[in-house]
Amino acid sequence: MQTFLVTGGVGFIGSNFILKARQEQWANIINLDKLTYASNPQTVAQLQDDSGYHFVRGDIGDIQLLHHVLEQYQPDAIINFAAESHVDRSILSPQDFIQTNVVGTFQLLEASRAYWEKLSPQKREQFRFLHVSTDEVYGSLGSTDPAFREDTPYAPNSPYAASKAGSDHLVRAYFHTYGLPTLITNCSNNYGPRQFPEKLIPLMILHALNGKSLPIYGDGQNIRDWLYVVDHCEALYIVLKHSRIGETYNIGGNNEQKNLTVVEKICAILDELAPKPDFRHSSLITYVKDRPGHDRRYAIDCSKISSELGWQPKENFESGLLKTIHWYLSNPTWVEQVQSGAYAQWIMHNYGDREAVLSN
Ligand code: NAD
Ligand code: TYD
């Protein structure tokens, strides 16, 4: 069986990818993660007795560690999920985004190049470096604009999106300059089990369950294209196995939703699954001060991955949202762990001002 080095595999998408990879026997996994605030080791605890899984705590910016890990485990592919990933945090403190997303990806590319150049001709031929990126590199769409294609010019608007755009350009350059067999995927918003509750869907689920206000930025009419995380993981595996090297693929759910609609759907499901005796969850919806530079609409044209590699999302939004809410209801210990300590400070930091401004 092949071995994949997964970076950032204690986070949301990486952990879902690893769990699927072990379940489907796609590969043995080495998981390199720095364990930032966005990770919870309990997320992958079920793999602790799996001999095909190894965890290494470390930073993708630490090149000595990377040389050592690559030498020791001899992976057949690297899948780079490691990143600072939350737009609001990138607005309040962009430094870590440049450090991990740009400098860290650069160091990972350097270590990968050194490793790849020393492989046997057969292993060199088979090796892949898959960089997991976002649709946010393309900027914002107007309501009637066509969806993002792979040849849409980059126009990132947030420090997060700019740092991911920078990392994409580096990956592209390592293919064109050094021949490193890279692949890039640009995906729309993911949702599903194990997402840190700073992002829209888990934040709204947990606030609603706790009877707290549901903070909608601006007018709630911003649009995102939502993809169930397991569909994303399957797309990544298909790209890894079947794409030509040097290619880029857009991945999306064909599922554009206004933020307000998403929150209303969550409220309606919770009214059924966890009803409150004296109010409906939608009564908690509160409009708060908008995010600076808030992108209006993202939409993905995923006809390339569909026609070339035969991938389609399997989950629809209703069934995916229901599964997601069931997961949060069934995993209170995980929820408690991620909400302890620094989480409360983040909620104060990001939301304190927004509501204060409105009530002035
Ligand atoms: P996440 O924030 O949930 O997890 C990121 C993981 O990376 C965490 O476990 C963290 O500890 C780790 N990490 C951070 N800095 C690191 C470093 N310097 N070295 C090693 N590990 C480090 O993020 P996610 O939502 O799982 O996103 C994974 C990737 O997918 C990111 O690259 C993101 O840009 C991309 N992406 C995310 C979405 C989405 O909707 N979440 C959509 C498209 C693309
Ligand atoms: P988010 O999950 O942070 O993803 P991204 O900004 O990467 O798309 O936010 C999704 C949308 O939800 C975005 O338009 C901002 C909005 N949003 C709110 O209205 N309230 C919130 O508390 C959060 C976290 C997001």
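The values are calculated or read from the model by the stated rules, or taken from the named source; none is laboratory data. Just so it is clear, the model here is predicted, and its values are computed rather than measured. Glycine gets a Cβ as well: all are built from the backbone with ideal geometry, and neighbour counts include every protein chain shown. When the accessible area is computed, the model is the full protein with side chains, heavy atoms only, and any ligands, DNA or RNA have been set aside. Shrake-Rupley method; radii C 1.70, N 1.55, O 1.52, S 1.80 Å.
Summary table
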{"item": "Computed E for residue 303/residue 244 - FRET, C-beta separation, R0 25 angstrom, nearest 0.05", "result": "0.90"}
{"item": "Long-range amide H partners of residue 139 with built H, under 5 Å", "result": "155, 157"}
{"item": "Cross-link table 199/289; 20/123; 118/314; 258/289, entries beyond 28 Å C-alpha to C-alpha", "result": "118/314"}
{"item": "Two-site FRET efficiency, residue 278 against residue 155, from Cβ-Cβ distance with R₀ of 41 Å, rounded to 0.05", "result": "0.30"}
{"item": "Full-stretch length increase - residue 37, residue 124 - with 0.36 nm per residue and alpha-carbon distance subtracted", "result": "27.8 nm"}
{"item": "Cut-off under 5 Å, modelled amide H: who pairs with residue 288 long-range", "result": "216, 217, 218"}
{"item": "Cα gyration tensor of the chain - equivalent ellipsoid semi-axes, whole Å, descending", "result": "34, 22, 20"}
{"item": "Estimated inter-spin distance, residue 261 and residue 333, nm [label 7 Å along Cα→Cβ]", "result": "3.9"}
{"item": "The chain, relative contact order [Cα under 8 Å, separation at least 6], %", "result": "18"}
{"item": "Accessible surface of the chain, 1.4 Å probe, proportion on carbon and sulfur as whole %", "result": "50"}
{"item": "Those residues of segment 283-305 whose amide nitrogen sits under 15 Å from the label point placed on residue 213, 7 Å along Cα→Cβ", "result": "283-291"}
{"item": "Contact order relative to length of segment 89-201, as percent, for alpha carbon pairs under 8 angstrom and 6 or more apart", "result": "36"}
{"item": "Peptide ranges 180-187, 141-148 listed from the most packed, as the mean C-beta count within 10 angstrom indicates", "result": "180-187, 141-148"}
{"item": "Accessible area of residue 296 in the full protein assembly, 1.4 Å probe (Å², nearest 10)", "result": "100"}
{"item": "3J(HN,Hα) from dihedral phi, segment 52-61, Karplus parametrisation 6.51/-1.76/1.60, rounded to Hz, x for glycine, proline", "result": "x, 10, 9, 10, 10, 7, x, 9, 5, x"}
{"item": "In sequence order, calculated HN-Hα J values of segment 30-46 (Karplus, 6.51, -1.76, 1.60; Hz; x Gly/Pro)", "result": "10, 10, 9, 9, 7, 6, 6, 3, 7, 10, 9, x, 4, 4, 10, 4, 5"}
{"item": "Under 13 Å from residue 265, Cα to Cα: aspartates and glutamates that are on another chain or at least 8 residues apart", "result": "318"}
{"item": "Label-point separation in nm, residue 343 to residue 206, each point 7 Å along Cα→Cβ", "result": "0.3"}
{"item": "For residue 56, distant residues with modelled amide H under 5 Å away", "result": "31, 32, 33"}
